[in-house]
Amino acid sequence: MIQAKGIEKSFGDLKVLKGIDFSIEKAEVVAIMGASGAGKSTLLQILGTLSTPDSGSLVIDGTPVLGLGAKELSSFRGKKIGFVFQAHHLLPEFSAVENVMIPALIAGVSASKARAKAEKLLAEVGLGARLSHKPSQLSGGEQQRVAIARALINDPAVLFADEPSGNLDSVTKAEIHQLFFDLRERLGQTIVIVTHDPELASLCDRTLNMKDGLFV
């Protein structure tokens, strides 16, 4: 699903990534761990096409993405990649179902189809009874479930999660962790998770540890 080779990235004189090779198979769940400053989030941004490496190659779902123009890349990202961050980034004035619909509407899906799919996804993540609630009316765990449903609305090839349970209590955290693996079982979803949580990493198919811009 992803094949990255020789990924390097510097910010000024600081070399953050020093020749990373990374691959993941379809329906695999991989954790990336390491201390702060190891380069995890920078790598995730490059794999998610939000940032461009200084050198290396990156193929996602058969497409060499580094050769795409800005417009093509934006379209590819919208259709093929889903993101879940530690902060939910939900729009406060919109309901749960409206928040989930937004990426589908941007991709050109009709409002009726987007709503139907959003409602189905919210039911799958356990929020079928909370469709009309706004983020302020939802718990932190519920907000993260909305964010996960939103990330899945366009059937992404890969779901990237950056510290997805970092702000949650232990019970809610365990529920969110289980949800990722339920999605893999039900949808065949490929998932890359950056985490400091050894409990979450232990559930994954593989854990890769980063130190000073390299896997160790």
Once you have all Cα-Cα distances for region 109-216, histogram them in 10 Å bins from zero and send the whole-percent values.
-> 13, 44, 31, 10, 2
List, largest first, the extents of the alpha carbons of the chain along their principal axes, each in whole Å.
-> 48, 40, 32
Percent relative contact order for the chain, counting Cα pairs under 8 Å at least six residues apart, stands at 32 percent
Just add up the charged neighbours of Asp205: K/R +1, D/E -1, any other residue whose Cβ is under 13 Å from the Cβ of Asp205.
-> 0
Determine which lysines satisfy two conditions relative to Lys113: a Cα distance under 17 Å, and not lying fewer than 8 residues away in the same chain.
-> Lys79
Between Glu185 and Ala107, what FRET efficiency follows from the Cβ-Cβ distance if R0 is 25 Å, with the result rounded to 0.05?
-> 0.45
Calculate, for Asp169 and Asp21, the FRET efficiency according to 1/(1 + (r/R0)^6) with r their C-beta to C-beta distance and R0 30 Å; round to the nearest 0.05.
-> 0.25
Degrees, to the nearest 10: 96-106 long Cα axis against longest axis of the chain = 60 degrees
Can you give the extra length, in nm with one decimal, that the chain gains between Ala35 and Ser51 once fully stretched, where that is 0.36 nm per residue apart less the Cα-Cα distance?
-> 3.7 nm
Restricting to lysines and to Cα separations under 18 Å from Lys18, and discarding same-chain partners fewer than 8 apart, the set is Lys5, Lys9, Lys40, Lys211
So how compact is region 68-122: Cα radius of gyration and Dmax in angstrom?
-> 12.3, 34
Against the longest principal axis of the chain, how steep is helix 170-187, in degrees 0 to 90 to the nearest 10, with axes from Cα atoms?
-> 90 degrees
Hull shadow area, averaged, region 1-124 [alpha-carbon convex hull, nm²] = 9.5 nm²
Of the peptides 16-25, 67-76, 142-151, how do they stack up when ordered by the mean number of other Cβ atoms within 10 Å, highest first?
-> 142-151, 16-25, 67-76
To the nearest 500 deg cm²/dmol, what mean residue ellipticity at 222 nm is calculated for the chain from DSSP H runs of n ≥ 4 alone, each contributing -39,500 (n - 2.57), summed and divided by the residues?
-> -11500 deg cm²/dmol
Using a 1.4 Å probe on the protein chains only, how many percent of the accessible area of region 67-216 belongs to carbon and sulfur?
-> 54 percent
Note to self: with every protein chain in place and a 1.4 Å probe, the chain gives an accessible area per residue in Å² of 46 Å²
Set the Förster distance to 35 Å, then compute FRET efficiency between Glu72 and Leu14 from the Cβ-Cβ distance, nearest 0.05.
-> 0.70
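The values are calculated or read from the model by the stated rules, or taken from the named source; none is laboratory data. Bear in mind that the values here come from a model prediction, so they are computed numbers and not experimental data. Note: ideal-geometry Cβ built from the backbone for every residue, glycine included; neighbour counts use all protein chains shown. Heads up: the accessible areas ignore ligands, DNA and RNA and are worked out on the full protein's heavy atoms, side chains in. Shrake-Rupley method; radii C 1.70, N 1.55, O 1.52, S 1.80 Å.
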